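The values are calculated or read from the model by the stated rules, or taken from the named source; none is laboratory data. The structure presented is a predicted model; accordingly, all values stated were derived computationally and were not measured. Virtual Cβ from ideal backbone geometry, glycine too; neighbours counted across all protein chains shown. Protein only, heavy atoms only, side chains kept; ligands, DNA and RNA dropped before computing areas. Shrake-Rupley method; radii C 1.70, N 1.55, O 1.52, S 1.80 Å.
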Amino acid sequence: MTFDPLRERGIPLDDQLRNWRELNVTPIDPDHADPYTRCRIITMNGIETEAVLFSHQFARHCPDLEIRQQLARVRYIEAQQQKVVNWLLPGVASVLETTIAYEQVAVDLTAWVARMEPDPYLKQAYQFGVLEDFDHLYRYANLYEMIEHRKAEKIVDGLTEVMPGRPTYRHHRDPMDNVRQPYDRSITEPLSRLHALTVMSAEQQTMNFYNNVGPLYMEPIARQLYQEIALIEEEHVTHYESLVDPGESWWEMLLNHEYNECYLYYSFMETESDPKVKNIWELHLGMELEHLRLAAELFRRFDGRDPDQVLAPALPPPVTFEPNKGYLRDLLATQIDLTTLGTGYVGEAHERFTRMQEAVMGGEQPASERVIEDNRAISGREYRLETEGPSPAGLQPGSH
Ligand SMILES: [Fe+2]
Ligand SMILES: [Fe+2]
Ligand SMILES: [Fe+2]
Ligand SMILES: [Fe+2]
């Protein structure tokens, strides 16, 4: 069965507004929920946040009052969707537990996208990035054990392994080297546009989250680790956003955003294990179909093309949260030493990389290294969750 969002009927915009009672959703069960349900919630929070921010940017560049009014009406619904989605998270999880879930999203979402991406240059961008968030997960898991005396397996539930990736201190690159080449909007596969938007949105929300929660800690090592990793998430946003062709018109970008929302809600509706959450994905899909119809109208009127010229004839296979252990281990064995140079990748440190490293380290060990040493000193060993045997990277963390 194929699903073509351009040919499905959604919920009329006038019927999409929800009252307080409807916005007051019951959160998922913190102890028994499927970790991947939490991952889908975090992903959609990032997507809705991007929908709202993008619409604001659009409005700030749009001189037509009527269109700004329509953008405002749809945006208010996106804002309600964001509240419903993010308020599914139960309040009992600590900030650090939520952080570990954010990195689990970054790992298993980006790994899925890397596996499915048809364009080899874009695929490489996802493979490169995923090994970094994989390492963040390991650093935060050690911080978690150290300051909350709990183990990350409680959160990731053995679905995602926790062990060193590309060491976090080596993610601090010269900003110039974080800018990739974009896909070409005239020839790219429609799926590639969706992938880039999805991963960019997820990284953007991770950056904003760390920016905001990092200083809420009192422990110096926690404050410093969040500060360090938040700066890497800034690099990741730069890395992924630069994959999107900047020549797309505002109408085309709007169309892609709404289409991607349809794709993800449809994907998560198809794969959700929690029936109550699944109902929300289905309801929001109904809303997005109407957003897409409105965006398609604008696209026809102002861009002058038909949406069929840029969108796929049917939705690609659903984005699925599932373990990617073997795939990640292959990347660990082959891509751990990569860094970027200009818009490409190289196997060794180069001059601009080394200069940036020296400038940002200032002769000191970064928090991402100290957190492992400190946890070893306190817990007698560092924290890892290697469910498939020892790491193939053969790498001693902390040795540089
Ligand atoms: Fe939305
Ligand atoms: Fe990360
Ligand atoms: Fe990231
Ligand atoms: Fe939307």
I'm trying to understand the selection: among the residues of the stretch 129-159, which are touching a strand residue (DSSP E or B) at 6+ places or on another chain (Cβ under 8 Å), surrounded by 21 or more Cβ atoms within 10 Å (Cβ to Cβ) and farther than 16 Å from Gly380 by Cα?
Leu137, Tyr138, Ala152, Val156
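Got at least one residue in the stretch 45-52 being over 24 Å from the mean Cα position of the chain (by Cα), in contact (Cβ under 8 Å) with a residue 60 or more places away in the chain and farther than 17 Å from Tyr259 by Cβ? Can you show your working first?
Filtering the stretch 45-52 down to residues over 24 Å from the mean Cα position of the chain (by Cα) leaves none.
Within the stretch 45-52, none of the residues are over 24 Å from the mean Cα position of the chain (by Cα), in contact (Cβ under 8 Å) with a residue 60 or more places away in the chain and farther than 17 Å from Tyr259 by Cβ.
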Considering only the stretch 314-348, state which residues are at pLDDT 95 or above and among the aliphatic types (A, V, I, L, M).
Val319, Leu328, Leu331, Leu332, Ala333, Ile336, Leu338, Leu341, Val346
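Can you pull out the residues in the stretch 1-41 that are open to solvent by 100 Å² or more (accessible area, probe 1.4 Å) and farther than 15 Å from Asp157 by Cα?
The answer is Met1, Thr2, Arg7, Arg9, Asp14, Asp15, Leu17, Trp20, Arg21, Asn24.
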Odd one out for Lys151 among (1) within 16 Å of ligand 3 (Cβ to nearest atom); (2) part of a loop (DSSP other than H, G, I, E, B); (3) not hydrophobic (A, V, I, L, M, F, W, C):
(1)
Here the qualifying pairs (Cβ atoms under 6 Å; residues six or more apart or on different chains; first in the stretch 192-219 and within 14 Å of Ser242 (Cβ to Cβ); second aromatic (Phe, Trp, Tyr) and surrounded by fewer than 24 Cβ atoms within 10 Å (Cβ to Cβ)) come out as Ser192/Tyr183
Go through the residues of the stretch 109-119 one by one and say whether even a single one is part of a helix (DSSP H, G or I) and either farther than 24 Å from Asp245 by Cα or over 20 Å from the mean Cα position of the chain (by Cα) (or both).
no
One residue is enough: does the stretch 247-270 have a residue meeting the conditions within 16 Å of ligand 4 (Cβ to nearest atom), touching a His at 6+ places or on another chain (Cβ under 7 Å) and among the hydroxyl-bearing types (Ser, Thr, Tyr)?
yes
Quick test of your reading of the structure: Ile336 fulfils all but one of (1) within 22 Å of the chain's Cα centre (by Cα); (2) closer than 26 Å to Ser267 by Cα; (3) crowded, with 17+ Cβ neighbours inside 10 Å. Name the failing condition by number.
(2)
Looking at Asp274 and the list (1) surrounded by fewer than 19 Cβ atoms within 10 Å (Cβ to Cβ); (2) in contact (Cβ under 8 Å) with a residue 40 or more places away in the chain, which single condition is not satisfied?
(1)
Determine if the stretch 304-313 includes at least one residue that is closer than 22 Å to Asp108 by Cα and either modelled with pLDDT of 95 or more or among the small types (Gly, Ala, Ser) (or both).
no
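For the stretch 348-368, check the following and say yes or no: at least one residue is of a type in the set (D, E, K, R), surrounded by 16 or more Cβ atoms within 10 Å (Cβ to Cβ), touching a helix residue (DSSP H, G or I) at 6+ places or on another chain (Cβ under 8 Å) and in a helix (DSSP H, G or I).
Taking the stretch 348-368 and keeping what is of a type in the set (D, E, K, R), we get 348, 351-352, 355, 358, 364.
Now narrow it down to the ones that are surrounded by 16 or more Cβ atoms within 10 Å (Cβ to Cβ): 352.
Of the ones still in play, those that are also touching a helix residue (DSSP H, G or I) at 6+ places or on another chain (Cβ under 8 Å) are 352.
With in a helix (DSSP H, G or I) added as a condition, the list becomes 352.
Scanning the stretch 348-368 turns up at least one residue that is of a type in the set (D, E, K, R), surrounded by 16 or more Cβ atoms within 10 Å (Cβ to Cβ), touching a helix residue (DSSP H, G or I) at 6+ places or on another chain (Cβ under 8 Å) and in a helix (DSSP H, G or I).
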Please count how many residues of the stretch 1-50 are among the hydrophobic types (A, V, I, L, M, F, W, C), outside any loop (DSSP other than H, G, I, E, B) and either at positive phi or touching a Ser or Thr at 6+ places or on another chain (Cβ under 7 Å) (or both).
1
Scan the stretch 277-286 for residues that are over 15 Å from Glu8 (Cβ atoms) and buried (at least 21 other Cβ atoms within 10 Å of the Cβ) and report the count.
2
Step by step: first the residues of the stretch 74-107, then only those that are of a type in the set (Val, Ile, Thr) and open to solvent by 30 Å² or more (accessible area, probe 1.4 Å), then the one that is farthest from ligand 2 (Cβ to nearest atom). Which residue is that?
Val92
Against the conditions (1) open to solvent by less than 30 Å² (accessible area, probe 1.4 Å); (2) away from ligand 2 (no atom under 16 Å from the Cβ); (3) among the acidic types (Asp, Glu), where does Asp119 fall short? Just the number, please.
(1)
With the structure loaded, tell me whether Leu289 is within 30 Å of Asp15 (Cα to Cα), open to solvent by less than 40 Å² (accessible area, probe 1.4 Å) and in a loop (DSSP other than H, G, I, E, B) or whether it fails that test.
no
State whether the residues of the stretch 179-187 include one that is open to solvent by 40 Å² or more (accessible area, probe 1.4 Å), at negative phi and not in a loop (DSSP other than H, G, I, E, B).
no
